[in-house]
Amino acid sequence: MSSIIQLLPDHVANQIAAGEVVQRPASVVKELLENAVDANATDIKLIIKDAGKSLVQVIDNGKGMNVTDARLCFERHATSKIRHAEDLFTLHTKGFRGEALASIAAIAHVEMKTRQPQEELGTQIVIEGSKFVSQETAVLPQGTSFAVKNLFFNIPARRNFLKSDTVEYRHIIDEFQRVALAHSNIHFTFYHNGSEMFNLPVSTLRQRVVNVFSGKTNEKLVPVHEETEIVTIEGFVSKPEFAKKNRGEQFFFVNDRFIKSGYLHHAVMAAYDGILKDGAQPSYFLYLTVPPNSIDINIHPTKTEIKFDDESALYAILRASIKHSLGQFNVAPVLDFDRDSNLDTPYHYKDLAGAVPTIQVDSTFNPFSDDKVNKHYAGSGSSGSLYKKPAATASWESLYVGLEQEPEFPASAEISFESEEVTASLFNDEEVEHAVQNVYQIHKKYIVSPIKSGMVIVDQQRAHQRVLYEQFLTNMTVHQASSQQLLFPLNLYFSSGEMELISELKLSLVNTGFVFEETNDDHVVISGIPVNVTESEVSILLEQLLSDLQDGIPENSFSQNDSIAKSMARSLAVKTGISLTVKEQENLVNGLFACKDPNVSPFQKPTFITMRVEDLDKKFAV
Ligand code: ADP
Ligand code: MG
């Protein structure tokens, strides 16, 4: 029988290998930026079009390649960075596999221009799907430019698999930021569809962090510094009161390479033990330098995970030095460099964590509905409670804008009207009239109430999410959101990625009642907020929203509204563990059954269960 095994042709092998190296445009960005860094460039430009789907170009002023290397660099396993396996243990470059360019050239149209500083002329090569199209000698600036066009042009399945531009762009920003944060000694610029997104001059580490994120970041940072035989640690962690809801700005670099490590993350969190609210996430930018032979970076093809020789020592050192920094920050401006054990356990921070606002919602407050329409929604007025009623002032009407034309507020009228029907049938009228208390909260989690057929048990958090969700959605879809004007506009700072999301969401946010006075590169000025949101909740609410939508904004406006309403309902809903007054419990139960779809939370979890008297009887019938 003839043998059946054949060696794959190079271009097929390259295409297969490309699957591992290049998942999306951001992978190309990462490989090209790292090559430019490895070429000792001091100025690197990243230019992308259509979130990298039509163009990713990196231009550097590094050492360039001679004509032979210019051709060789597209071969698989062609690298100038290691010669022997042992070289892996003294690695100081980003690349070493010699796979990236071969892979990229297999699945895109690539134009490369390169010139070495000592040469007068450079080389220009065009290669498409691993096939050399042309090679010329040309007058070129020093350094190298790679333009990668039409990624996955020859693998339609992969191309179709790419996510929306917003998502792909987000991934590119992530990769860009990782490289830019690791190399503050390099000038980076980044253009997307012709607009400059980042311009990061050579600077100190601190300035680089601030330039990458936003001007506001500076005041959030506490420096960390530690030198031991095993590791040198530099960088910054955020002050506890600036902790975020999402894990956005958390970076470890080991020997100038961005890495992910759940274990080291845990060490950082341990240093914050007791000073952060549950679930809050600090930002950190930590640069570890270790001897190259004490790590193995070879365990993951895209190299964001590494293995350390002495992980547990690293853990302890990291935790202690961050604790120390946080402690010092707390006693600032007196900086005590002798380690004081008291500083290592800054328990008094516990109280500082109160910066995260407690949530107070008046989900029912609607100045334009009359009593009849709103009779189920009477606010209790007790402050700090679920339905806090804003203090009435003589001219409070003027604070609300946008409703003059349509004082009926038809949507909420419709909802409340339904409520009368539903509640009328659900609750036994007699009982409602005579009972002193008709609702009971148990375990600060459920509200139990007798109904005709037996009893209903309502999950307070999910029920409130449903109520808020429908309110927001109604506001947004009928474009009738009422806004409360802020006396002093709020300035909120965001990273450029977040700003991008906000500008895409702006219209929907305006429909919920937000009024944006300005949107700049790194911050927004908000002069009006939805009526059922308090000022202190705004930043948490937007942060939650950005974190919920990090994987992409839905394409159509309906699902965009839906996502925003869900996220805001999640942020603002009363949580399990909060005591509610009887009035609040009643309002919540009534509000729930006034909803169009009271059975489930916006996240499709049941909001209540019922138990019939017969069910109870059965249980007692033993
Ligand atoms: P690796 O980076 O793992 O060596 P690559 O496929 O990314 O593999 O690159 C192959 C080789 O091409 C590199 O080792 C380097 O010698 C050369 N090279 C790539 N990009 C550049 C650049 N921007 N400037 C100079 N040389 C480069
Ligand atoms: Mg490389």
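The values are calculated or read from the model by the stated rules, or taken from the named source; none is laboratory data. Just so we're clear, the structure is a prediction, and the values are computed from it rather than from any experiment. Every residue, glycine as well, gets a Cβ built from its backbone with ideal geometry; the counts of neighbours run over all protein chains shown. Remember, those area values only see protein heavy atoms, side chains included, never the ligands or the DNA or RNA. Shrake-Rupley method; radii C 1.70, N 1.55, O 1.52, S 1.80 Å.
Note on region 1-59 and region 302-322: Cα centroid distance 30 Å, given to the nearest whole angstrom.
Taken per residue, the accessible surface of region 438-609 reaches 38 Å², heavy atoms only and a 1.4 Å probe. Histogrammed with a bin width of 5 Å, the alpha carbon distances of region 438-609 distribute as 1, 9, 17, 19, 18, 13, 10, 7, 4, 1, 1, 0 percent, first bin at zero. Equivalent ellipsoid of region 205-328: semi-axes from √(5λ) of the C-alpha gyration tensor, largest first, are 23, 16, 14 Å. Packing, taken as the mean count of other beta carbons within 10 Å per residue, orders the peptides 212-222, 513-523 from highest to lowest as 212-222, 513-523.
In straight Cα distance, which lysines are under 30 Å from Lys583, not counting same-chain residues fewer than 8 positions off? The reachable lysines, counting only those whose Cα sits under 30 Å from Lys583, are Lys277, Lys372, Lys375, Lys388, Lys389, Lys444, Lys445, Lys452, Lys566, Lys575, Lys596, Lys605. Shape verdict for region 10-200, please, from the Cα gyration tensor: rounded (a/c under 1.5), prolate (a/b greater than b/c) or oblate. In terms of gyration-tensor shape, rounded. Where the accessible area of region 474-554 is counted over protein heavy atoms with a 1.4 Å probe, how much of it, in %, is carbon and sulfur? Whole-percent figure for carbon plus sulfur exposure: 47. Starting from the Cα gyration tensor of region 198-243, take the square roots of the eigenvalues, sort them a ≥ b ≥ c, and report rounded, prolate or oblate (rounded when a/c is under 1.5, otherwise prolate if a/b is larger than b/c, else oblate). Oblate shape, in that a/c is at least 1.5 and b/c is the bigger or equal ratio.
For region 205-328, with all protein chains present and a 1.4 Å probe, just round the carbon and sulfur fraction of the accessible area to a whole percent. C and S fraction of accessible area: 46 percent.
Using the Cβ atoms and a cut-off under 9 Å, what net charge is assigned to the surroundings of Val525, where Lys and Arg are +1 and Asp and Glu are -1? Within the 9 Å Cβ shell, the charges total -2.
Each of Ser482, Phe516, Gln461 was scored by the projection of its Cα onto the charge dipole of region 438-609, and the greatest displacement toward the positive side belongs to Gln461; charges sit on the C-beta of Lys, Arg, Asp and Glu. A protection proxy built from the mean count of other Cβ atoms within 10 Å ranks the segments 141-153, 120-132, 602-614, most packed first, as 141-153, 120-132, 602-614. Residues in region 205-328 average 40 Å² of solvent-accessible surface per residue, probe 1.4 Å, ligands and nucleic acids excluded. Average accessible surface for region 1-93: 55 Å² per residue, computed with a 1.4 Å probe over protein heavy atoms with every protein chain in place. The peptide list 227-236, 60-69, 280-289, put in order of mean Cβ contacts within 10 Å with the highest first, becomes 280-289, 60-69, 227-236.
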